[in-house]
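Report on one structure; see the data block that follows.
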Amino acid sequence: MSEIRTPAALEATVRACVEGTAVLDIHTHIYEEAFGPLLLRGPEELLIYHYLQAETNRVIDDLTPEALVALPKEAAARRVWRELYEARSPLSEAARGVITALRRLGVTDVRSYEAILARFAGLSAAEHIDLVLRAANVRAVIMTNDPLNPSEAEVWMAGRKRDPRFYAALRIDPVLLDWRATCDRLAAAGYAVDRDLTTATYPEIARFLTDWARRMGAVYMAVSLPNTFAMPEDSPTARILTHAVLPACRELGIPLAMMIGVRRRVVPELRDAGDGVGRADLSAVAHLCREYPRQKFLLTVLSRENQHEAVVLARKFRNLHLFGCWWFTNNPSIVEEITRERLEMLGTSFTPQHSDARVLDQLAYKWAHFRPILVKALCEKYGYLMDEGWYPTEEEIERDVRLLLGGEFERFVGR
């Protein structure tokens with residue numbers, strides 16, 4: 001194995017490895033072809049995504065927030081294009097991301113709205129998926145799957161042929177965060193549950209979760225939690241987590257993924273575009289990792305102010321795996337800061353990014369924007385080693401990049 005000894009050779013090697021390594025995207029909200037209309041794709045879906053709805057709402061006066069988000073898809077997409085791409089330059093990360101995605105997916109004139117629409121006209125779902133995964137260099141994605149969504153449950157129950165590039169994650173938000181409404185739905189499905197969370201209810205909730213996790217082949221369970229999430233606590237959320245969710249995870253041998261820090265509906269009229277962020281008390285995470293040392297946890301936090309504490313927790317608890325730069329932290333300046341901090345404290349034992357994509361095409365820009373950041377961070381860290389006489393080899397760099405782009409996650413979850 002030949003050693004790399006110059007900054008130029010290091011930069012070229014790291015860039016080639018990062019660009020050439022296919023990613024396992026460990027958390028998305030996209031769907032495989034079998035789910036039909038649940039798979040969001042194409043330029044209009046890109047433009048009406050709630051990130052851009054929020055930006056558009058800032059610069060218009062003739063529509064209320066309710067009226068903006070209620071526009072039909074075609075009209076909404078054209079309005080976003082007019083406000084964010086014609087009336088001003090698309091400098092924000094979300095707006096720039098649309099341009100990156102369109103260019104990576106074959107649009108030659110990214111200023112022509114009609115040319116953009118024409119590029120995707122007639123593209124089948126299967127063709128579109130192949131195009132995007134190839135352009136993003138993504139080998140597989142993990143979906144977020146809600147068995148309480150009737151449209152989705154129907155597909156799972158039908159047992160349709162699966163795309164091996166799409167894995168499932170069982171979303172448990174309704175069970176944990178809205179039990180009174182969810183209870184009736186579980187009861188209607190044949191589970192002997194009670195709104196008052198009697199002792200006999202917890203095994204039935206666990207049975208519901210294990211039934212669906214096995215049906216989906218879920219890699220993990222996932223929940224998006226508010227910044228007020230606390231443990232230990234005598235609340236329905238804490239009791240269900242302790243007596244149903246964690247026992248189900250242990251039975252299945254899968255992690256629980258926690259995404260902590262969202263403040264729902266700060267501006268209710270904007271729906272999903274109206275969510276905000278709050279600093280969380282991560283002592284809840286420490287409690288869970290300490291009290292359940294054989295249970296594995298995945299963690300990403302929404303507030304920038306929580307990032308350092310999260311890294312320290314991951315450094316202390318081997319059953320905690322940090323992943324991604326989520327939502328409001330998915331901006332290049334913040335992603336670079338978080339990635340460097342994690343490398344400095346965790347080495348390669350974390351997953352630096354996930355796309356969180358809800359629209360298929362977003363994969364193309366999320367990974368195109370992240371890879372140069374990873375190149376820069378790794379060149380800095382390897383450069384420090386070279387200054388002290390430790391010269392990396394190409395094989396070592398390839399190994400490290402594979403770990404960071406999905407391999408370490410696979411090791412952690414045991415797949």
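Values in this text are rule-based calculations from the coordinates and carry no lab data. The shown structure was predicted, so the numbers you read here are calculated from the model rather than taken from an experiment. Glycine gets a Cβ as well: all are built from the backbone with ideal geometry, and neighbour counts include every protein chain shown.
Straight-line cross-link partners of K161 among the lysines, defined as a Cα under 29 Å from its Cα and at least 8 positions apart when in the same chain: K366. Above 15 Å, the calculated P(r) of region 368-415 contains 55 percent of its Cα-Cα pairs. In a DSSP loop and with at most 11 other Cβ atoms within 10 Å, the trypsin sites (Lys or Arg not before Pro) in region 270-325 are R294. Candidates A206, P147, L105 compared by Cα position along the dipole of region 95-212: farthest toward the positive end lies L105, with charges placed on Cβ. Label zone of S151 (point 7 Å out along Cα→Cβ, amide N under 11 Å): in region 206-243 this covers no residue at all.
What list do you get for Y384, Y202 if you sort them by fewest beta carbons within 10 Å?
Values: Y384 11, Y202 19.
Ranking Y384, Y202 by Cβ neighbours within 10 Å, fewest first, gives Y384, Y202.
Taking the Cα centre of region 319-411 as the origin, how large is its charge dipole in debye, to the nearest 20, when only Lys and Arg (+1) and Asp and Glu (-1) carry charge on their Cβ atoms? Mind dumping the intermediate values first?
Values: 10 positive and 16 negative charges, 80 e Å.
Dipole size: approximately 380 debye.
Listed by chain and number, the lysines placed with their C-alpha closer than 16 angstrom to that of K376 amount to none; residues fewer than eight positions away on the same chain are left out. When restricted to Cα atoms, region 336-403 yields an Rg and a Dmax of 13.6, 46 Å, respectively.
Which of the lysines could a cross-linker bridge to K316, judged by Cα under 16 Å and excluding same-chain residues fewer than eight apart? Of all the lysines, those that pass the test against K316 - Cα under 16 Å, at least 8 places apart if same chain - are K296. On a per residue basis, the convex hull of the C-alpha atoms belonging to the chain measures out at 152 Å³. Residues of region 208-233 with an amide N closer than 12 Å to a point placed 7 Å from the Cα of V413 along the Cα-to-Cβ direction: 217-222. For region 80-154 and region 161-179, what is the centre-to-centre distance using only Cα atoms, to the nearest Å? Using only Cα atoms to place each centre, the spacing works out to 23 Å.
Taking the Cα centre of region 157-244 as the origin and placing charges on Cβ (Lys, Arg +1; Asp, Glu -1), which of A218, A192, A230 is farthest toward the positive end of the dipole? Checking the options against the dipole of region 157-244, the answer is A218. Note on R185 and S89: the extension gain reaches 29.9 nm, defined as 0.36 nm multiplied by sequence separation minus the Cα-Cα distance. Here the relative contact order of the chain, from alpha carbon pairs under 8 Å that lie six or more residues apart, stands at 23 percent.
Please go through region 1-57 and write out the trypsin sites (Lys or Arg not before Pro) that DSSP classes as loop and that have at most 15 other C-beta atoms within 10 Å.
Details: sites: R5, R15, R41; in loops: R5, R41.
Taking region 1-57 and a limit of 15 other Cβ atoms within 10 Å, the loop trypsin sites (Lys or Arg not before Pro) found are R5.
Mean sequence separation of contacting Cα pairs (under 8 Å, at least six apart), scaled by the length of region 177-319, corresponds to a relative contact order of 21 percent. Think of region 349-415 as having a plus end and a minus end, set by charges on the Cβ of Lys, Arg, Asp and Glu; of G407, M386, Q362, Q362 sits farthest toward the positive end of this dipole.
If both residues of a DSSP beta bridge must be in the chain, then about 10% of such bridges are antiparallel.
Seen from V155, the other residues with C-beta closer than 13 Å to its C-beta sum to a net charge of -2, counting Lys and Arg as +1 and Asp and Glu as -1.
Evaluated at q = 0.11, 0.22 Å⁻¹, the base-10 log of the normalised Debye intensity for region 207-296, with identical point scatterers placed on the Cα atoms, takes the values -0.37, -1.11.
Stokes-Einstein D for region 91-191 at 20 °C, 1.002 mPa s, Kirkwood Rh over Cα pairs, in µm²/s? It diffuses with D of about 126 µm²/s by this estimate.
Among E45, E291, which comes first, then next, by fewest other beta-carbon atoms within 10 Å?
Listing E45, E291 from fewest to most nearby Cβ atoms yields E291, E45.
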